[in-house]
1. Name the residue that is nearest to residue B:314 (Cα to Cα), counting only residues in the range A:196-240 that are free of Cβ contacts under 8 Å to residues at least 12 places away in the same chain and part of a helix (DSSP H, G or I).
2. Determine whether residue B:149 is crowded, with 21+ Cβ neighbours inside 10 Å and either within 11 Å of another protein chain (Cβ to nearest Cβ) or under 16 Å from residue B:268 (Cβ atoms) (or both).
3. Do we have any residue at all in the range A:153-169 that's under 20 Å from residue A:242 (Cα atoms) and over 20 Å from the mean Cα position of the chain (by Cα)?
4. Considering (1) farther than 29 Å from residue B:320 by Cα; (2) in contact with a strand residue (DSSP E or B) (Cβ under 8 Å, 6 or more places away or on another chain), say which one residue B:61 fails and leave the rest.
5. Checking residue B:280 against (1) in a helix (DSSP H, G or I); (2) within 14 Å of chain A (Cβ to nearest Cβ); (3) in contact (Cβ under 8 Å) with a residue 60 or more places away in the chain: exactly one of these is not met. Which one?
6. Report yes if residue A:123 is part of a helix (DSSP H, G or I), in contact (Cβ under 8 Å) with a residue 24 or more places away in the chain and touching a strand residue (DSSP E or B) at 6+ places or on another chain (Cβ under 7 Å), otherwise no.
7. For residue A:220, state whether it is at pLDDT 90 or above and either buried (at least 24 other Cβ atoms within 10 Å of the Cβ) or within 14 Å of chain B (Cβ to nearest Cβ) (or both).
8. From the residues in the range B:39-55 that are without any contact (Cβ under 8 Å) to a residue 40 or more places away in the chain and out of contact with any helix residue (DSSP H, G or I) (no Cβ under 9 Å at 6 or more places or on another chain), which one is farthest from residue B:315 (Cα to Cα)?
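The values are calculated or read from the model by the stated rules, or taken from the named source; none is laboratory data. All values reported here derive from a predicted model rather than from experimental measurement. Counting neighbours? That spans all protein chains shown, and the Cβs are built from the backbone with ideal geometry, glycine included.
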């Protein structure tokens, strides 16, 4: 009798903790503005659909992330969403989920094995090549519109080990090489400010101290673009004479754009990616087929359409 | 080390025993690095590092570069002042960077403005009651975060006797966790004009220099300073001579954390934003500034003047690299080598003096 009661107790416990329709989410880093918007987008979609999510923070630790995925598998979730810490360490995650026959969706960061994913796995993100390309072409366009045929710019890079920073910087060079820039663009110098506003302020002020004339700053993200703007304003530079570009369309950047300081940013639909990943995970868990690469498009933001984006991030 | 540097028990810090102040060596290192950049600049770039070579600007020096050299290290420099007095007592503080993050988040939440470009503040943390408060409130609230974390650090170290490395490592992790929890990782932005003014222009430098003078006076002319050196040189002897070592240690860590909070207010005001990852690695930069400035990690030796020069060396290196357009990939490698090199030189000099 005692045993049956205990069994019943265990069954009741399992009923609550086994997460029959639960989805496990492992985020690379909670402490990241963009990923926070993505996470909140996923959370909101989960509440809307009535799906319970268990979101964990891998704290930028590859090993911890793999442990989290194995824990999800062990607790029998119906699907797993991973925002990979290291995009080159994703094969092990794919293998673990495939062995347990649990659907897996990679979100935001492109896994290295994206072309060989099994049928019940998918990748949801924006095509990273687009962001830097859209940004650079628009900066060129605005320089041309300002009546310039030749222009020189500074380039602010994100963390050097980060794929997005490498890609967005390469995009600038690719746009120039492909002749897609409307003006003859020269890069005076390119340095890293590690995505940080504070470091970007210092970097810009250091550049200003050399006195080299320039027409714009192309930054890998908005935080650095804002740092550059703050340094330029502190030095008394007229913001109408320079073109400043960033990526992310953060609230701070949109405000800077409304104030006429920042000229270009690119909106990456973080919440859309989070919601899209969750939708793909739910479909896969029901055995439905999804596109293996779901691209949520980047959108260019300038002073003309900034109002449309104020409530999006 | 401790006995040879300060004589019997190291209780009395006697300046007359020194043939040449150690700060002079650090200053010479600074001069050598500046000259190196000047020469390299003239050879490689055809430009001057320090002097003004632009026709459209008047003056002998490139004042823009001189000011950024100090400005870019002022925030971490403020932390380094606190770290210096911690290291002098023989301790270490790994939590200052995280305390910057935590204090900045809390302070900025009470420094927000209600209307941004005619719209309601999109990053509002609290309701309307916390908007457009007088600037002194966020400053005091930010400082209280530092004082509280400092009390915890100090009490753990003084009364549970766990090593400072572990106590402040714990605080480093917890305070960063707190900073992330505060707004679920969201940045806090759009402060009031009054709050913006704190870190605008050269104000961070003024605050840094003001605090440096204050802490320097504290360390050289007061009982507080004498006791700090005494504890770092020989804690047992200090305890025996009737000084309340435990209470003193709590005070040391409170001052260090409070200075980290000041740095948090300055950096969040300067950037007009507070983010959970603010101040990452600041503690190590601050320790490096102190060590380059001749502060001994064994305790009992070092000075605020040395740390300030150490901070300047940092600033010169950052600006010099950008000036030379050194590839970003090389910069950190070279920076690390310079930090270690400076300490190796200092060690060599110490051994030389011990033999005399």
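1. Step one: list which residues in the range A:196-240 are free of Cβ contacts under 8 Å to residues at least 12 places away in the same chain, which gives A:206, A:209-211, A:236, A:238.
Within this subset, residues satisfying the condition of being part of a helix (DSSP H, G or I) are A:206, A:209.
Details: A:206: 14, A:209: 17 Å.
Within the range A:196-240, the match that is nearest to residue B:314 (Cα to Cα) is A:206.
2. Working: crowded, with 21+ Cβ neighbours inside 10 Å: yes; either within 11 Å of another protein chain (Cβ to nearest Cβ) or under 16 Å from residue B:268 (Cβ atoms) (or both): no.
Answer is no for this residue.
3. Residues of the range A:153-169 under 20 Å from residue A:242 (Cα atoms): A:153-157, A:169.
Among the residues that remain, those that are also over 20 Å from the mean Cα position of the chain (by Cα) are: A:153-154.
Checked against the condition, which is being under 20 Å from residue A:242 (Cα atoms) and over 20 Å from the mean Cα position of the chain (by Cα), the range A:153-169 yields at least one hit.
4. Here residue B:61 clears every test but (1).
5. So the condition that residue B:280 fails would be (1).
6. Details: part of a helix (DSSP H, G or I): no; in contact (Cβ under 8 Å) with a residue 24 or more places away in the chain: yes; touching a strand residue (DSSP E or B) at 6+ places or on another chain (Cβ under 7 Å): yes.
Against the criterion (part of a helix (DSSP H, G or I), in contact (Cβ under 8 Å) with a residue 24 or more places away in the chain and touching a strand residue (DSSP E or B) at 6+ places or on another chain (Cβ under 7 Å)), residue A:123 does not qualify.
7. Numbers: at pLDDT 90 or above: yes; either buried (at least 24 other Cβ atoms within 10 Å of the Cβ) or within 14 Å of chain B (Cβ to nearest Cβ) (or both): yes.
Against the criterion (at pLDDT 90 or above and either buried (at least 24 other Cβ atoms within 10 Å of the Cβ) or within 14 Å of chain B (Cβ to nearest Cβ) (or both)), residue A:220 qualifies.
8. Of the range B:39-55, the ones without any contact (Cβ under 8 Å) to a residue 40 or more places away in the chain are B:39, B:42-43, B:46, B:48, B:50-55.
Right, trim to out of contact with any helix residue (DSSP H, G or I) (no Cβ under 9 Å at 6 or more places or on another chain) and you get B:39, B:42-43, B:46, B:53-55.
Numbers: B:39: 18, B:42: 20, B:43: 22, B:46: 22, B:53: 21, B:54: 22, B:55: 26 Å.
Among those residues, the one meeting the criterion is B:55.
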